[in-house]
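Written out below as structure tokens is the structure these notes cover.
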Amino acid sequence: MQIHPQTLLGWKSVFSLAALGVALATDALAAPLTVEVRETAGVARFGYPVTGTFRWTQEKPAAFRLLLEGRPIEAQFSQVGAEDDGSQWDVDFNLDLAPFEQRAFQIEPLAKPPSELQTSSGLTLERDAGTIRLRRPGLDFETPESLFYLLRAVKSPKQNYFVADSARFFVRESQAEPVRIEPGLSERPKIEIIKSGPLCAALKSYSGLATGFGIQYQTTVRLDFPRSKSWVRVEWTVEEVRSKIEALGVEFQLRLAPAKGRPTLVDFGAPSGVYTALEPSQRTVFRASPPASDGKHPWEITRGPENRMLPYVVGLEGDARPVEGWVHVMDQDLCTAIAVDRFARETSDRIETAADGRVQIWREYPKRTDAESPKVKTLIFWLHFVPSPPHVGAVTSPQSMQSPPEVRVTASE
């Protein structure tokens, strides 16, 4: 069953057709809003997905449209935060930006709805038999009804990047073994379709978690899928009453098939680039801490068999340069770029990869009192699926994923 934005969410998701040459009403209900987009990382952007959030408390319009220099462009408007007063909206669109470039757009409310969209190039969402499928040009994503199993498949016309049902989410409390979040043991997870295309889709799962200590947590996983990029952004949040969690962890397995004599290749984004090759049974661990945490080596990469890991590259003592926190994992055909948000900024983080495609991401929090420790703990990362090598297959770098342009929506003067 294919789900269209209008039938799934009622009025929650509206796509502007102006860029396709469809006539739209010009009688606005109120003054437009201004969307300012600024590139701050010094990285050129090509067809980059951008999201702006705004509140609309005036009379509910029939639709919105997005203007650039007075000309309508493609945009998706989604009503979000329905549990609140319904006034919060997201606008999603794609744009090109030169390093440090800034551009301004206008959101205009319309008194008349646009014509219905008929296009085959948009992102579509289907829900059937416990599986959600997101189809975008060149790549299809499949997720189970519970996002705590992350992904079931990531399929190009000839390849599948992901091992089904391999994902696990863990929390670790003080002086305890990691506890896997297993939805259904305490509370059946609820899934919400926040956005359903055609430029962006977003899903969220909610669940409760009871640990062996009898402590109850609320946890959510949100997945965002832009049409213009072959990545998924994963945002995992755990909310606790008492600050007992010391670490969050995620594991999953990529589908790799390294050929004989051509091992699994791994690139690392440390303060500078590092690369290595993994033979069967080998793994590598990339770990880093905030520079001021111990005054010693802020990061290191180890490599070897499970029982004989040896230092491969170690950061210099006192090196204050930021650690980027990304890896490429690839064979001769497939590459997955994994990037972690705010890697080793306030926490001790690590990314583990194995020759067979197994990956773990861990975030460890510094020991603090209950009053000092954050009650909400978050781990955000991206999985970007591209042909190998990424220098040819990927238009967007890991640094670009980690540093999206700044977006601000304000009332027009």
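What follows is calculated from the coordinates using simple rules that are stated; it is not laboratory data. As the structure is a computational prediction, the values presented were derived from the model and not from experiment. Neighbour counts run over all protein chains shown; Cβ positions are idealised from the backbone, glycine included.
The calculated FRET efficiency for residue 410 paired with residue 253, based on their beta-carbon distance and R0 = 60 Å, is about 0.85. In terms of surrounding Cβ atoms within a 10 Å radius of their Cβ, 385, 54 rank from fewest to most as 54, 385.
Stokes-Einstein diffusion for the range 270-367, with the hydrodynamic radius set to the Kirkwood value over Cα pairs and evaluated at 37 °C in a medium of 0.692 mPa s, equals 236 µm²/s. Note on residue 68 and residue 38: with the Förster distance fixed at 25 Å, the Cβ-Cβ geometry gives a FRET efficiency of about 0.95. Sorting 323-336, 346-359 by their mean Cβ neighbour count within 10 Å, with the most densely packed peptide first, gives 323-336, 346-359. In terms of the Cα gyration tensor, with a ≥ b ≥ c the square roots of its eigenvalues, is the range 126-398 rounded because a/c is under 1.5, prolate because a/b exceeds b/c, or oblate? It is oblate, given that a/c is not under 1.5 and a/b is not larger than b/c. With a threshold of 21 Å on the Cα-Cα distance, the over-threshold entries among 60/112; 244/377; 190/229; 190/244; 244/367; 60/190 are 190/229; 190/244; 60/190.
Among 128, 341, the ranking by other beta carbons within 10 Å of each residue's beta carbon, starting with the fewest, stands as 128, 341.
Computed packing ranks the peptides 306-316, 247-257 as 247-257, 306-316, most packed first, by mean other Cβ atoms within 10 Å.
Using R₀ = 60 Å, calculate the FRET efficiency as 1/(1 + (r/R₀)^6) where r is the Cβ-Cβ separation of residue 87 and residue 308; round to 0.05. Step by step, r from the Cβ atoms, then E = 0.55.
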